[in-house]
Amino acid sequence: MTSPSGPSRRTVLAAAAAAAASVPLIAAAPAQAAGAARSRTWDLTVLGTSDTHGNVYNWDYYSDAEYDDSKHNDVGVAKLAALVTRIRAERRGRETLVLDAGDTIQGTPLATFYAKQEPITTTGETHPMANAMNVLGYDAVTLGNHEFNYGLPLLTRWISQLGFPALAANAVNVATGKPAFLPFVIKKVSLGPAAPPLRVGILGLTNPGSAIWDRANVEGRLRFDDMIATAAKYVPIMRARGADIVLISAHGGDSGTSSYGPELPIENPTALIARRVPGIDAILFGHAHAEVAEKFVANERTGEQVLLTEPSKWGQRLSRMDFTLARERGRWKIVKKTAALLNTNTVTEDPRVLAAVRAQHRKTVAYVNQVVARSTVELSAAESRYRDTPILDFINHVQTEVVGRALAGTPYADLPLLSIAAPFSRTAVFPAGDVKIRDVAGLYVFDNTLEAVVLSGAEVRAYLEYSAKYFRTLAPGAPVDPTAISDPAVPDYNYDVFSGVDYDIDIARPVGQRITRLVLPGTDTPVADDARFVVAVNNYRRSGGGNFPGIVRTQVYNEQQEIRQLLIDWAQARGTIDPADFHQPNWKLVREGVPVF
């Protein structure tokens, strides 16, 4: 293990690039399919996970209970490991590879604790996701966009703790122009004593959106190239180096769309990769958190059917791809390929994984159960998407206080201060009485930092109009179902609520014409187009996440403070959470001026 301070970023990226240039063959244990020599066919199974997001135990740290949802899904690497172990046993030594398509070290209080409270870069401790994944025994992992959330030093340390390669072919070191991480590996596997070795090429592609979402961590250091072009570059190289079959592990969905503007390559290009790049046999993909059991896409040049699969999120599903192979004219040929999703709620957690992370899990549970304040009443986020609620005002109030205090005495001190928050959670609750860290963390589930910019009145209106596309169009008098009031194509985290101005959203009107009232707080004075406001906003949004208009600009405040911790600190410092101190109803949904609720 390296020293707690770790190697310099330049040294690590240079070393990774050097390693990428050689791309070694990695030997795997031999295995034989029963009767393979007689049938002249052999089989290979590839298992895939993705978007585990810091889940090891089947545990909900926000409710301090075993994880459960309306579909009785389970989560965690320990569940995945149990399925993998069962399949390996069922195959009786025949070759089984296990891949992951990224978003691994962010998403739960467990992951946050070892990135923020006791960062592995300081303590030298092995990250819980490295502990868990090493027990499971992966063959390779692709870096997801959330791998970059905590900066390159922590990512580098985590990669060094893995017992298998981490891949990201399209992440390029800006200084050298070379790959910043290993682009691909070719695994040499044995399918049986009567069969020549099979060389399996595995190419990893990360998401270009990291250039926006983690700009502060990667700008000037890493460049994220187009996933389609990168596949087109490396697949022929892998074939030339002897890959008999080529698999891609990609952190990008299959919709062909992006949540950001056209200045970056496509965020979700997986189906396009299959269609446009010849020589690919199958793609494991993630990022969209969707269940795609088996999908075939015909390559437009060769006509070959490329197999795609995506295993949902958090360890709820395991993708299984099965390949039947034969020898033709001295070459390996896939004669059949299939895929399916396996549900992790069918197995009990792997005790080896639980043991490897038990101490870290218990430390995290103890941390999130610390009481930080008392709430005078219960505050719920259940209606925050469509009704002005105190619990969302709590976020905006804290952000406003922090930015206002920081800008005192500056040229921006006299500008009106607005704040933006999104309803990240529908289940968050501050109970009446003791409020714990896990309650606050459950309200603000992302590791965003606080920033501020200056917007004009016209830009505030344009921003609100864009946000208001979240709602379905409902004619006056039509029944309103709060559970179906939003457009399912727009996630909750891409709907923003402002404080500091009063406004109405008319959901009977077409998108782009819905902000029918926008006035200064407590008045009937319309917000002038040339008015100027300081706007507190999270780094994800300010960097372009969600493609909101006008917000990507130079910050007037950016002290790299995590918003979730600011909420915890505010509650701890005051000891009491009372909505009378911060709840100021300032927006509502209407239809032709009549409130919807």
Inset, instruction - Only residues that are of a type in the set (S, T, N, Q) and part of a strand (DSSP E or B): list them for the range 288-307, please. - result: 305
Legend entry - Verdict on residue 245 being open to solvent by less than 20 Å² (accessible area, probe 1.4 Å) and among the β-branched types (Val, Ile, Thr): yes
Legend entry - Qualifying positions in the range 111-144 - crowded, with 20+ Cβ neighbours inside 10 Å, closer than 23 Å to residue 207 by Cβ and out of contact with any Leu (no Cβ under 8 Å at 6 or more places or on another chain): 111, 112, 114, 127, 129, 132, 144
Inset, instruction - Would you point out the residue of the range 264-287, among those that are in contact (Cβ under 8 Å) with a residue 60 or more places away in the chain and assigned to a loop (DSSP other than H, G, I, E, B), that is surrounded by the most Cβ atoms within 10 Å (Cβ to Cβ)? - result: 286
Legend entry - All positions within the range 332-384 that are within 24 Å of residue 54 (Cβ to Cβ) and of a type in the set (Val, Ile, Thr): 344, 346, 347, 348, 353, 357, 364, 365, 368, 371, 372
Inset, instruction - For residue 233, state whether it is closer than 17 Å to residue 179 by Cα, of a type in the set (D, E, K, R) and more than 21 Å from the chain's Cα centre (by Cα). - result: yes
Inset, instruction - Considering each residue of the range 41-81, count those that are out of contact with any His (no Cβ under 8 Å at 6 or more places or on another chain), within 30 Å of residue 200 (Cβ to Cβ) and surrounded by 22 or more Cβ atoms within 10 Å (Cβ to Cβ), and give that number. - result: 17
Legend entry - Test for residue 99: is it part of a helix (DSSP H, G or I) and aliphatic (A, V, I, L, M): no
Legend entry - Residues within the range 525-555 that are over 23 Å from residue 260 (Cβ atoms) and open to solvent by 10 Å² or more (accessible area, probe 1.4 Å), tallied: 8
Legend entry - Every residue from the range 574-590 that is farther than 17 Å from residue 376 by Cα, of a type outside the set (S, T, N, Q) and surrounded by 13 or more Cβ atoms within 10 Å (Cβ to Cβ): 587, 588, 589, 590
Inset, instruction - May I ask you to verify whether residue 248 is in a strand (DSSP E or B), under 23 Å from residue 185 (Cα atoms) and at pLDDT 95 or above? - result: yes
Inset, instruction - Test each condition in (1) within 23 Å of residue 214 (Cα to Cα); (2) open to solvent by 10 Å² or more (accessible area, probe 1.4 Å) for residue 261 and report the one that comes out false. - result: (2)
Inset, instruction - Check residue 310 against each of (1) touching a residue at least 60 places away in the same chain (Cβ under 8 Å); (2) in a loop (DSSP other than H, G, I, E, B) and name the one condition it does not meet. - result: (2)
Inset, instruction - Select, from 290, 326, 340, the only residue that is touching a residue at least 40 places away in the same chain (Cβ under 8 Å), open to solvent by 10 Å² or more (accessible area, probe 1.4 Å) and under 24 Å from residue 58 (Cβ atoms). - result: 340
Legend entry - Which listed residue, of 317, 331, is among the basic types (Lys, Arg) and over 24 Å from the mean Cα position of the chain (by Cα): 331
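Okay, residues lined up against (1) closer than 16 Å to residue 456 by Cα; (2) part of a loop (DSSP other than H, G, I, E, B):
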site	(1), (2)
509	no, yes
512	no, yes
522	no, yes
530	yes, yes
536	yes, no
544	no, yes
568	no, no
572	no, no
Inset, instruction - Return only the number of the condition from (1) more than 30 Å from residue 534 (Cβ to Cβ); (2) touching a Pro at 6+ places or on another chain (Cβ under 7 Å); (3) open to solvent by less than 20 Å² (accessible area, probe 1.4 Å) that residue 317 does not satisfy. - result: (3)
Legend entry - Spans of strands (runs of 3 or more DSSP E) in the range 118-222 with at least 1 residues hydroxyl-bearing (Ser, Thr, Tyr): 140-142
Legend entry - Selected residue (criterion: farthest from residue 321 (Cα to Cα)) from residues of the range 212-242 that are at pLDDT 95 or above, open to solvent by 30 Å² or more (accessible area, probe 1.4 Å) and not charged (D, E, K, R): 220
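The values are calculated or read from the model by the stated rules, or taken from the named source; none is laboratory data. This is a predicted model, so every value here is computed, not measured. As a convention, Cβ positions derive from the backbone with ideal geometry for all residues, glycine included, and neighbour counts pool all protein chains shown. The accessibility values were calculated without ligands, DNA or RNA, using every heavy atom of the protein model including side chains. Shrake-Rupley method; radii C 1.70, N 1.55, O 1.52, S 1.80 Å.
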